[in-house]
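Participant: The structure follows.
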Number of protein chains: 2
Amino acid sequence: VAGLLYGVGVGPGDPELLTLRAARIIREAPVIAVPVTQADGDSYALGVVAPLITPEQRVLSLHFPMVKDTAARRAYRQAAAAAIASELDAGYDVAFLTEGDPLLHSTFIYVLEHLPAGTALEIVPGVTSIAAATAQAALPLVSGNQRLAVLPATFENVDELRGILGAFDTVVLLKFARVFDRLLDLLCELHLDRTSVVVERASHPAGRVVRDLEGLRGRPIHYLSLLIVQGGRERAGEVRA
Amino acid sequence: VAGLLYGVGVGPGDPELLTLRAARIIREAPVIAVPVTQADGDSYALGVVAPLITPEQRVLSLHFPMVKDTAARRAYRQAAAAAIASELDAGYDVAFLTEGDPLLHSTFIYVLEHLPAGTALEIVPGVTSIAAATAQAALPLVSGNQRLAVLPATFENVDELRGILGAFDTVVLLKFARVFDRLLDLLCELHLDRTSVVVERASHPAGRVVRDLEGLRGRPIHYLSLLIVQGGRERAGEVRA
């Protein structure tokens, strides 16, 4: 009988933010699959759960390099899915670990896309880095009738980004490190710089909450950071009125 | 010395989706505070963690009725915050339980707003019902450069809702039960009905994933449901092209 694939979210990084179910499945699965960006590199998700792993378990490192070429990326994802499928065919249950939640900006999504149809599957949701960031900053994300948007900070279309900032109460921007200075200019123009917060590496011991965004200008920002912008919709309403 | 207030997310309802930290804090806190909508009613969050609670712990039920009057609502929230503050002043740590995550559409946000300045606070993030819903449906929420929006389904401004559906890859609609039929008409008009899913009571034993939305027309829908709409941005791009 074929094995079962678990997509397991290990949460934002703090080992205590693992769910009880994730901990149980990670302890029980004969094969632990982890994504790595370098062939012989470490896995962040594996580091989070390292104390739970025993020598009897096999760790299957799956290579997901950061390559721009779509065909090459696809080939790596197919190879990863095939390696998992072959363990399942041999009757082993596999726990595929991902940071945060397995279905929100996670490598597990790419595995899912290439698995053979009919693969038996169970997904264990995890605490997201967004929840960890708001917890660290003690910042309500949204409540009542408020609207939330979560998107990568790209400047392909600045007017579109401006529109989103004005239509939502809270906007969480991802992957913004390289465009931060331009983004801060835009937030200043919209008078949203004072109601924005950067959270670097939420839940990590070296993580931090930065409320003085001007102080980050021209400085390096960790790629595991979130920029949370609040009050845009209200502000846009005032401007219109 | 004053007590510490923990805002604890207990996750979407399945007791195994509690985090290790939430379980530890709930076991250790002398006072467990829970929101109830009826004065003598049960707390859903307390039910989730009931096996962890011992007779030595005190349960503080805080009344948050569903009232439309803003002043009355505010008075209930102030009373809840005052009851918590008085436990903290007496030196007791208080764990305030909320479903899902404490900073995403949670009663804890209203408590936060009314606490005395300087209250010592630690927030324990939790698994959201959105993550539980996508896990149950095995549905990737967003990945790569995709954009996510989360908002209540109101029809105050249909054109605005239409614009959001066309600008985001995934839109999670909350509190839609009472407007479902109108919403389904809009999704059909935008050709998004086939790429939408309703998840009722995610992670609950009676929870279910409904992909045939037409089958829900005119039927009662549980208020703890999410409607996940996908492909709107791509579709809008095709229409423009």
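Participant: Hey, can you tell me all the residues within region B:138-168 that are touching a strand residue (DSSP E or B) at 6+ places or on another chain (Cβ under 6 Å) and more than 8 Å from chain A (Cβ to nearest Cβ)?
Facilitator: If the condition is that a residue be touching a strand residue (DSSP E or B) at 6+ places or on another chain (Cβ under 6 Å) and more than 8 Å from chain A (Cβ to nearest Cβ), then B:A153, B:L165 are the ones that fit.
Participant: Please enumerate the residues belonging to region B:1-19 that are surrounded by fewer than 19 Cβ atoms within 10 Å (Cβ to Cβ) and in contact with a strand residue (DSSP E or B) (Cβ under 9 Å, 6 or more places away or on another chain).
Facilitator: B:L4, B:E16
Participant: Check every one of the helices (runs of 4 or more DSSP H) wholly within region A:139-241 and list those with 3 or more residues that are surrounded by 19 or more Cβ atoms within 10 Å (Cβ to Cβ).
Facilitator: By residue number, A:158-167, A:180-189.
Participant: In region A:24-56, what count of residues is obtained for those that are within 19 Å of the chain's Cα centre (by Cα), among the hydrophobic types (A, V, I, L, M, F, W, C) and within 14 Å of chain B (Cβ to nearest Cβ)?
Facilitator: 2
Participant: Does any residue of region A:87-105 turn out to be touching a helix residue (DSSP H, G or I) at 6+ places or on another chain (Cβ under 7 Å) and of a type in the set (S, T, Y)?
Facilitator: Yes, because at least one residue in region A:87-105 is touching a helix residue (DSSP H, G or I) at 6+ places or on another chain (Cβ under 7 Å) and of a type in the set (S, T, Y).
Participant: Going by what's in this entry, would B:A22 be described as buried (at least 19 other Cβ atoms within 10 Å of the Cβ) and of a type in the set (A, V, I, L, M)?
Facilitator: The answer is yes for B:A22.
Participant: Continuing with this model, one more query. In region A:62-89, which residue that is among the charged types (D, E, K, R) and in contact (Cβ under 8 Å) with a residue 60 or more places away in the chain is surrounded by the most Cβ atoms within 10 Å (Cβ to Cβ)?
Facilitator: A:E87
Participant: Condition check: of a type in the set (K, R) and touching a Lys or Arg at 6+ places or on another chain (Cβ under 7 Å). Does B:R233 satisfy that?
Facilitator: Against the criterion (of a type in the set (K, R) and touching a Lys or Arg at 6+ places or on another chain (Cβ under 7 Å)), B:R233 qualifies.
Participant: Is it fair to say A:A95 is assigned to a helix (DSSP H, G or I) and closer than 28 Å to A:A23 by Cβ?
Facilitator: In short, no.
Participant: What is the residue count in region B:153-166 for residues that are of a type in the set (A, V, I, L, M, F, W, C) and modelled with pLDDT of 95 or more?
Facilitator: So the answer is 2.
Participant: Determine whether region B:175-191 contains at least one residue that is aromatic (F, W, Y) and either touching a Pro at 6+ places or on another chain (Cβ under 9 Å) or more than 14 Å from chain A (Cβ to nearest Cβ) (or both).
Facilitator: Taking every residue of region B:175-191 in turn, at least one turns out to be aromatic (F, W, Y) and either touching a Pro at 6+ places or on another chain (Cβ under 9 Å) or more than 14 Å from chain A (Cβ to nearest Cβ) (or both).
Participant: Could you grab me the full set of residues in region B:103-137 that are in a strand (DSSP E or B), surrounded by 24 or more Cβ atoms within 10 Å (Cβ to Cβ) and more than 8 Å from chain A (Cβ to nearest Cβ)?
Facilitator: Those that are in a strand (DSSP E or B), surrounded by 24 or more Cβ atoms within 10 Å (Cβ to Cβ) and more than 8 Å from chain A (Cβ to nearest Cβ): none in region B:103-137.
Participant: Next question. Look through B:G13, B:G47 and report the one residue that is more than 21 Å from B:Y92 (Cα to Cα) and part of a loop (DSSP other than H, G, I, E, B).
Facilitator: After ruling out the rest, the residue left standing is B:G13.
Participant: Moving on. Of the residues that make up region B:182-201, is at least one of a type in the set (V, I, T), in contact (Cβ under 8 Å) with a residue 40 or more places away in the chain, under 14 Å from B:I130 (Cβ atoms) and touching a Gly at 6+ places or on another chain (Cβ under 8 Å)?
Facilitator: For region B:182-201, residues of a type in the set (V, I, T), in contact (Cβ under 8 Å) with a residue 40 or more places away in the chain, under 14 Å from B:I130 (Cβ atoms) and touching a Gly at 6+ places or on another chain (Cβ under 8 Å): present.
Participant: Here is a further query. Tell me, which residue of region B:184-223 that is of a type in the set (G, A, S) and modelled with pLDDT of 95 or more is nearest to B:P152 (Cα to Cα)?
Facilitator: Within region B:184-223, the match that is nearest to B:P152 (Cα to Cα) is B:S196.
The values are calculated or read from the model by the stated rules, or taken from the named source; none is laboratory data. Here the structure is a predicted model, which means the values were calculated and not measured. Because the Cβ atoms are built from the backbone with ideal geometry, glycine has one as well, and the counts that use them run over all protein chains shown.
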